[in-house]
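Novice: Before we start, here is the structure in question, set down as structure tokens.
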Amino acid sequence: MFINKIVEFLNQPLFVIIGGISTVIVILTFLYAIYITLNGILPVLIRLGRSISNKKIAVYAEKDFDSLKSHLIDSGIFKGKNIEKITNDSLAKGERHTMMLVNFMEFKDKIDEILKYKKDSDALIVYAPQSGERIEQSLMNKISDTRNSIVVNLRGRLMNDILTSMITTVYEKR
């Protein structure tokens, strides 16, 4: 009996109108959330997925190449076939890549030449571990003046900067 009185009270026209308005608000909010997700987040995820699966990384390293390559592969994000070794003898091969990772300790004398091969839309990440020598200020200014260039000194940060660069640079087949 008490339940019947509550149901009868809630069936008043005012409560029916408030319930209908609330339902419309919830449905519109849900549709807006789907729109925001599809319009904002999905394109970034698609771009990142295409970049990771298709983008080749030019790794300018000789002695430290295996270590850097295994670091990239062990992350579970990159495939070994997408990582190419660039040596002192073959710097021009890096020109066809949109992502360049340079081991500063091995290529500090070649940074100017590498910057010549880098296109404006390419990403350049200079890995300069803290255990090595510092980058001279004039060279640091050249790197800083180049679009899509990053200097990293920690391996953990290296992975983050590679992923960020993949999102912000355009994937184009070369």
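Only the coordinates and a few stated rules stand behind these numbers; no lab work does. All values derive from a computational prediction rather than experimental measurement. Here the Cβ positions follow ideal geometry from the backbone for every residue, glycine too, while neighbour counts run over all protein chains shown.
Novice: Can you list residues whose amide H is under 5 Å from Val126's amide H, if they're 5+ apart or on another chain and H is modeled 1.01 Å from N?
Specialist: For Val126, whose amide H was placed from the backbone, the distant partners under 5 Å are Val102, Ile150, Val151, Val152.
Novice: Set the Förster distance to 25 Å, then compute FRET efficiency between Lys142 and Arg47 from the Cβ-Cβ distance, nearest 0.05.
Specialist: Numbers: r = 29 Å, r/R0 = 1.15.
Efficiency, from the Cβ-Cβ distance: 0.30.
Novice: Now for a different question. Mean Kyte-Doolittle hydropathy of 0.0 or higher plus an axial Cα length of 30 Å or more: which whole DSSP H helices in the chain meet both? Intermediate results must be reported in sequence, preceding the final value.
Specialist: On the way: long enough: 13-36 (34 Å, 2.32).
Helices meeting the criterion: 13-36.
Novice: Pull out a ≥ b ≥ c, the square roots of the eigenvalues of the alpha-carbon gyration tensor of the range 120-174, then state rounded if a/c is under 1.5, prolate if not and a/b is larger than b/c, and oblate in the remaining case. Don't skip to the end; give the middle numbers.
Specialist: Working: a/c = 3.01, a/b = 1.43, b/c = 2.11.
Verdict is oblate for the range 120-174.
Novice: Please state the shape class of the range 55-168: rounded when a/c is under 1.5, otherwise prolate if a/b exceeds b/c and oblate if not, all from the C-alpha gyration tensor. Mind showing how you got there, number by number?
Specialist: On the way: a/c = 1.30, a/b = 1.22, b/c = 1.07.
The shape class here is rounded.
Novice: A further question on this structure: Test of understanding: what is the full-extension gain from Glu62 to Tyr35, defined as 0.36 nm times their sequence separation minus their Cα-Cα distance?
Specialist: Length gained between Glu62 and Tyr35: 4.9 nm.
Novice: Suppose only helical runs count, i.e. DSSP H with n ≥ 4. What mean residue ellipticity at 222 nm does that imply for the chain under -39500 (n - 2.57) per run, divided by all residues and rounded to the nearest 500 deg cm²/dmol?
Specialist: Details: 8 runs with 89 residues, N = 174.
The helix-only estimate for the chain comes to -15500 deg cm²/dmol at 222 nm.
Novice: Which Cα, out of Asn141, Ile125, Phe107, lies furthest along the positive dipole direction of the range 1-145 (beta carbon charges, K/R +1, D/E -1)?
Specialist: Toward the positive end, the furthest listed residue is Ile125.
Novice: What dipole magnitude, in Debye to the nearest 20, does the chain give about its Cα centre under +1 on Lys/Arg Cβ and -1 on Asp/Glu Cβ? The partial results should precede the final answer.
Specialist: Values: 24 positive and 19 negative charges, 90 e Å.
For the chain, the charge dipole is close to 440 debye.
Novice: Something else: Report the label-to-label distance for Asn88 and Ser22 in nanometres (one decimal), using points 7 Å from each Cα along the Cα→Cβ vector.
Specialist: 7.5
Novice: Could you give the length gained by full extension between Asn153 and His71, i.e. 0.36 nm per residue of separation minus their alpha carbon distance, to one decimal place? Show your work: numbers first, answer last.
Specialist: Details: separation 82, 0.36 × 82 = 29.52 nm, distance 1.45 nm.
Full-extension gain reported as 28.1 nm.
Novice: Which far-off residues, 5 or more places away or on another chain, put their amide H under 5 Å from the one on Ile57, with H placed in the peptide plane?
Specialist: Ile83, Glu84
Novice: So, one more: Over all directions, average the projected area of the Cα convex hull of the range 1-115 and note it in nm². Display every interim value, and only then the final one.
Specialist: Working: hull surface 53.7 nm².
Computed as one quarter of the Cα hull surface, the answer is 13.4 nm².
Novice: Continuing with the same structure: To check my understanding: the extent here is largest minus smallest coordinate of the Cα atoms along each principal axis. What are those three numbers for the range 2-50, in Å, largest first?
Specialist: Answer, in whole Å and largest first: 61, 18, 6 Å.
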